[in-house]
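Have a look at the structure below, then the notes.
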Amino acid sequence: MKALQNIRVVLVRPIYGGNVGSVCRAMMNMGLSDLAIAEPRDAFNDFDAGKWAYRARAIWDERKEFPSLKDAVADCRLVAGASVREGLYRRHARTPREWAPTLLDTAREGRVALVFGPEDNGLSNEDLASCTQLIRIPSTDAYPSLNLSHAVMVCAYEIYLASGTYSARGEGAPEASMEARERMFAMWREALLKIGFMEEEKADHMMMAVRRILSRGKLTEIDARILMGIARQTRWYAEHGRELPHDP
């Protein structure tokens, strides 16, 4: 999807190579591939970054490095900075879910940046001056700060979800027919009577409860066949004891 290709993840002065490698994995999980490092540190461990990136190593290998955050976002139309810190200039922050549609709309026409600060102090006020939007990820007051890769994952997930790229796979088997359902309920009625779970005079009442339980979700043809098999075996066991049949 073009919009996802136009979203750049910018890490400002990252400290730990392992965190950056994990960022690469989070990006690949969510369909992002454009990684930029702003103001890279001389002591940064490139080896750890590549190792932790694992199968997302290509994102790390193809990263772009810039001497400043301004340079890293110069070609971007919107720049969303993630910050957990409080302050006068941070009060307009919104959640990743709230910002995702706006960022995606812009990304369909041009580049957008998601900016994350260093692990120790996050984005400074000077960094925020280069941001057009401010993101705050909801978290508990007991420990509000997220690991760098976790913060990237949350933001990337909300954008990926809002993009409509993902569609859940539907149930493979069709819904069971009413004829199959009625056969199944008849078999369960007989089995439950055989094992003494209910008495004949209360069977109708109990079977209404069974029907209600099995009608709360989708019941496929495969589900119905399995439940009929259980009822059949239960009835056989009640009639013949412990010896299993040769041909169930």
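A few notes on this one:
- Just one of the listed residues (ARG91, ARG169) is assigned by TED's automatic domain parsing to the domain that holds ALA26 and either touching a His at 6+ places or on another chain (Cβ under 8 Å) or of a type in the set (Lys, Arg) (or both), and it is ARG91.
- Residue match in the range 158-177 (condition: within 30 Å of ALA224 (Cβ to Cβ), surrounded by 16 or more Cβ atoms within 10 Å (Cβ to Cβ) and over 22 Å from the mean Cα position of the chain (by Cα)): yes
- Residues satisfying the stated conditions in the range 147-202, i.e. more than 30 Å from MET27 (Cα to Cα) and of a type in the set (Val, Ile, Thr): ILE195
- Qualifying residue in the range 23-44 (condition: among the β-branched types (Val, Ile, Thr) and within 16 Å of GLY117 (Cα to Cα)): yes
- Matching helices (runs of 4 or more DSSP H) fully within the range 123-208 where at least 1 residues are among the hydroxyl-bearing types (Ser, Thr, Tyr) and farther than 29 Å from LEU219 by Cβ: 148-162
- With respect to the stated conditions, ARG169 fails to be of a type in the set (D, E, K, R) and at pLDDT 95 or above.
- Members of the range 226-248 that are at pLDDT below 85 and either among the charged types (D, E, K, R) or more than 27 Å from ALA173 (Cβ to Cβ) (or both): HIS240, GLY241, ARG242, GLU243, LEU244, HIS246, ASP247
- Condition met for ASP127 (farther than 24 Å from ALA3 by Cβ and either assigned by TED's automatic domain parsing to the domain that holds MET208 or surrounded by 16 or more Cβ atoms within 10 Å (Cβ to Cβ) (or both)): yes
The values are calculated or read from the model by the stated rules, or taken from the named source; none is laboratory data. Only a predicted model underlies this, so the values are computations on that prediction, with no experimental measurement involved. Don't worry about glycine lacking a Cβ; one is built from the backbone with ideal geometry, like all the others, and counts go over all protein chains shown.
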